[in-house]
Amino acid sequence: MKTKAVRLYGKKDLRVEEFELPAITEDEILAKVVTDSLCMSSYKAANQATDHKRVPNDVADNPIIIGHEFAGEIVEVGANWTNKFKAGQKFSIQPAIYYEDGPVGVLSAPGYSYQHIGGDATYVIIPKDVLVQDCLLAYEGPGFYPASLAEPLSCVIGAMHANYHTKAGSYVHDMEIVDGGKMAILAGVGPMGLAAINYALRREDRKPSLLVVTDIDQTRLDRAASLYTVEFAASKGIDLRYVNTATMDDAVEGLRKITGGEGYNDVFVFAPVPQVIEQGDAILGFDGCLNFFAGPSNTDFSAKMNFYNVHYAYTHIVGTSGGNTYDMKEALEIMTKGLDPAGLVTHIGGLNVVPEATLDLPNIPGGKKLIYPHVDMPLTAIEDFQEKGKDNLVYATLAELCEKHNGLWNVEAEAYLLANFERLNN
């Protein structure tokens with residue numbers, strides 16, 4: 001079967017190409033990719049190429065397919081896996097497979113390391129490496145884009161599970177955020193911050209009593225507040241506050257004041273900015289845990305930390321770099337129960353835009369860029385559908401469908417796009 005895919009040949013060398021996939025073996029699965037979400041990790045891989053730990057050294061001769069936040073439908077199942085998977089089944093992929101015999105060892109991952117699997121392709125071959133690690137995950141919820149966003153949501157889930165706290169006189173770590181505690185999400189209205197807010201508000205097992213979300217961009221704060229409202233949070237027993245720290249004379253003092261001067265049990269930092277990290281450290285309460293979520297690209301990146309408080313106030317720091325398979329399964333389960341990650345998505349596009357959009361990702365405003373590999377479509381902000389709809393019925397209808405859902409991407413819009421994309425450019 002032929003596939004069309006975006007392949008990496010070297011630094012900043014991404015190409016949309018059509019080529020023949022080999023026949024699957026008894027230990028492989030042929031799948032159709034329906035949607036992929038562009039990620040900053042792909043930007044890093046495309047810029048670093050063979051300098052990236054997950055990218056093989058021979059991509060110039062054996063290019064890999066990029067994209068690791070994808071979902072789709074199974075087309076054909078190899079004989080050894082027919083007892084577990086079937087054609088027509090919807091799926092998501094956990095890219096962190098930790099398979100020691102992969103192309104680059106234990107760091108091998110779809111979207112970085114493989115020639116025949118990645119999210120920016122029309123059809124892929126899911127290899128044994130993914131299957132034996134239980135990283136092909138069935139999805140039973142509505143549409144496809146939620147499953148595509150399960151991977152970024154799993155990163156947030158993993159981060160919250162990784163936080164820990166202690167009890168005086170004991171060295172046993174009590175894993176997780178403090179139930180009923182005070183939580184702050186700093187620089188928290190980007191795509192991943194929005195995912196964290198959404199998850200924190202909808203958890204059933206534990207939740208904070210106070211959730212403070214900060215940023216210095218009022219427009220982004222206002223959008224977040226319209227998506228995840230103070231009123232909805234209150235219905236869940238959470239005091240949610242959106243704070244623009246740029247308007248504060250003393251952000252640390254102001255943020256601590258919200259807690260009554262006690263500080264926060266759990267602080268999540270969603271931007272690799274030293275000042276934000278140091279702000280997070282300064283607002284920790286006794287036994288407070290700071291989670292540095294945003295991975296920097298600079299290997300010498302550092303920030304100050306108050307070690308007096310480390311010693312006497314038991315403050316501590318953790319960092320996570322993605323979710324595991326259990327986190328992915330939790331993400332898929334919570335989405336089937338009603339969590340819609342559409343608030344992360346601000347742009348829609350086709351496979352044709354992936355090379356340019358990936359290499360320019362830091363400079364494109366907004367949240368997640370959702371790609372439909374079988375579609376030929378310019379990268380378009382959802383808020384621009386209405387203007388484009390003046391000359392094109394498809395865009396006009398997409399605008400109407402998104403307007404019905406508070407301006408967000410949705411299952412109806414996805415289904416309409418997939419059924420009508422051939423008329424997009426007419």
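Output the number of residues of region 256-279 satisfying the condition of being more than 24 Å from the chain's Cα centre (by Cα) and in contact (Cβ under 8 Å) with a residue 60 or more places away in the chain.
The total comes to 6.
Under 6 Å between Cβ atoms, at least 6 apart or on separate chains: pull out the pairs that start in region 291-315 with a residue that is farther than 23 Å from ALA187 by Cα and free of Cβ contacts under 8 Å to residues at least 60 places away in the same chain and end on any residue that is open to solvent by 100 Å² or more (accessible area, probe 1.4 Å) and of a type outside the set (Lys, Arg).
Final answer for the pair search is ALA313/PHE286.
Determine which member of the set VAL75, VAL55, VAL59, VAL130 is in a strand (DSSP E or B) and either of a type in the set (Val, Ile, Thr) or at pLDDT below 95 (or both).
VAL75
What residue, among those in region 1-43 that are among the acidic types (Asp, Glu), part of a strand (DSSP E or B) and touching a Lys or Arg at 6+ places or on another chain (Cβ under 8 Å), is surrounded by the most Cβ atoms within 10 Å (Cβ to Cβ)?
It comes out as GLU17.
Do you know which residues across region 309-328 are open to solvent by 70 Å² or more (accessible area, probe 1.4 Å) and either farther than 20 Å from ALA159 by Cα or under 23 Å from the mean Cα position of the chain (by Cα) (or both)?
Result: HIS311, TYR312, ILE317, SER321, TYR326.
Picking from TYR164, TYR123, which residue would you name as being within 15 Å of LYS32 (Cα to Cα), open to solvent by 20 Å² or more (accessible area, probe 1.4 Å) and either aliphatic (A, V, I, L, M) or over 19 Å from the mean Cα position of the chain (by Cα) (or both)?
Every option except TYR123 fails the conditions.
What is the one condition in (1) open to solvent by 20 Å² or more (accessible area, probe 1.4 Å); (2) touching a helix residue (DSSP H, G or I) at 6+ places or on another chain (Cβ under 9 Å); (3) more than 17 Å from GLY319 (Cα to Cα); (4) not hydroxyl-bearing (Ser, Thr, Tyr) that VAL172 does not satisfy?
Only one criterion is unmet by VAL172, namely (2).
If I filter region 97-119 for residues that are among the hydrophobic types (A, V, I, L, M, F, W, C), open to solvent by 20 Å² or more (accessible area, probe 1.4 Å) and either part of a loop (DSSP other than H, G, I, E, B) or touching a Cys at 6+ places or on another chain (Cβ under 9 Å) (or both), do I get at least one hit? Quick ask: steps written out before the conclusion?
Of all residues in region 97-119, those among the hydrophobic types (A, V, I, L, M, F, W, C) come to 97, 104, 106-107, 109, 117.
Then keep just the ones that are open to solvent by 20 Å² or more (accessible area, probe 1.4 Å); that gives 104, 106-107.
Filter once more, keeping what is either part of a loop (DSSP other than H, G, I, E, B) or touching a Cys at 6+ places or on another chain (Cβ under 9 Å) (or both): 104.
Checking region 97-119: at least one residue is among the hydrophobic types (A, V, I, L, M, F, W, C), open to solvent by 20 Å² or more (accessible area, probe 1.4 Å) and either part of a loop (DSSP other than H, G, I, E, B) or touching a Cys at 6+ places or on another chain (Cβ under 9 Å) (or both).
Where the second residue is among the polar types (S, T, N, Q) and outside any helix (DSSP H, G or I) and the first is under 18 Å from LYS369 (Cα atoms) and in contact (Cβ under 8 Å) with a residue 12 or more places away in the chain and lies in region 36-54, which pairs have Cβ atoms under 8 Å and are six or more apart or on separate chains?
LYS44/SER297
Can we say GLY180 is under 22 Å from LEU370 (Cβ atoms), open to solvent by 10 Å² or more (accessible area, probe 1.4 Å), among the small types (Gly, Ala, Ser) and in contact with a Ser or Thr (Cβ under 9 Å, 6 or more places away or on another chain)?
No: the conditions fail for GLY180.
Would you confirm whether or not region 294-308 contains a residue that is surrounded by 15 or more Cβ atoms within 10 Å (Cβ to Cβ), in a loop (DSSP other than H, G, I, E, B) and at pLDDT 95 or above?
yes
Taking only region 378-416 into account, find how many residues are assigned to a helix (DSSP H, G or I), in contact with a Ser or Thr (Cβ under 9 Å, 6 or more places away or on another chain) and touching a residue at least 60 places away in the same chain (Cβ under 8 Å).
Total meeting the criteria: 1.
Given ALA71, ALA46, which one is under 22 Å from ASP27 (Cα atoms) and open to solvent by less than 60 Å² (accessible area, probe 1.4 Å)?
Values: ALA46 fails: under 22 Å from ASP27 (Cα atoms).
Answer to the selection: ALA71.
Out of curiosity, is LYS369 among the charged types (D, E, K, R), open to solvent by 20 Å² or more (accessible area, probe 1.4 Å) and not in a helix (DSSP H, G or I)?
Spelling it out, it is not the case that LYS369 is among the charged types (D, E, K, R), open to solvent by 20 Å² or more (accessible area, probe 1.4 Å) and not in a helix (DSSP H, G or I).
Do we find that ILE157 is hydrophobic (A, V, I, L, M, F, W, C), assigned to a helix (DSSP H, G or I) and closer than 24 Å to ILE371 by Cβ in this structure? Show your work before the answer.
Values: hydrophobic (A, V, I, L, M, F, W, C): yes; assigned to a helix (DSSP H, G or I): yes; closer than 24 Å to ILE371 by Cβ: yes.
Against the criterion (hydrophobic (A, V, I, L, M, F, W, C), assigned to a helix (DSSP H, G or I) and closer than 24 Å to ILE371 by Cβ), ILE157 qualifies.
What residue, among those in region 400-426 that are open to solvent by 20 Å² or more (accessible area, probe 1.4 Å) and among the small types (Gly, Ala, Ser), is farthest from GLY343 (Cα to Cα)?
ALA419
Specify the residue that is surrounded by the most Cβ atoms within 10 Å (Cβ to Cβ); the eligible residues are those in region 183-194 that are in a helix (DSSP H, G or I) and either of a type in the set (S, T, N, Q) or in contact with a Gly (Cβ under 8 Å, 6 or more places away or on another chain) (or both).
This residue is LEU194.
Mind checking which residues of region 223-241 are over 24 Å from the mean Cα position of the chain (by Cα) and part of a helix (DSSP H, G or I)?
GLU231, ALA234, SER235
The values are calculated or read from the model by the stated rules, or taken from the named source; none is laboratory data. Note that the structure is predicted; figures quoted are calculated from it, not measured. Neighbour counts are summed over all protein chains in view; Cβ atoms, including those assigned to glycine, are modelled from backbone coordinates with ideal geometry. Protein only, heavy atoms only, side chains kept; ligands, DNA and RNA dropped before computing areas. Shrake-Rupley method; radii C 1.70, N 1.55, O 1.52, S 1.80 Å.
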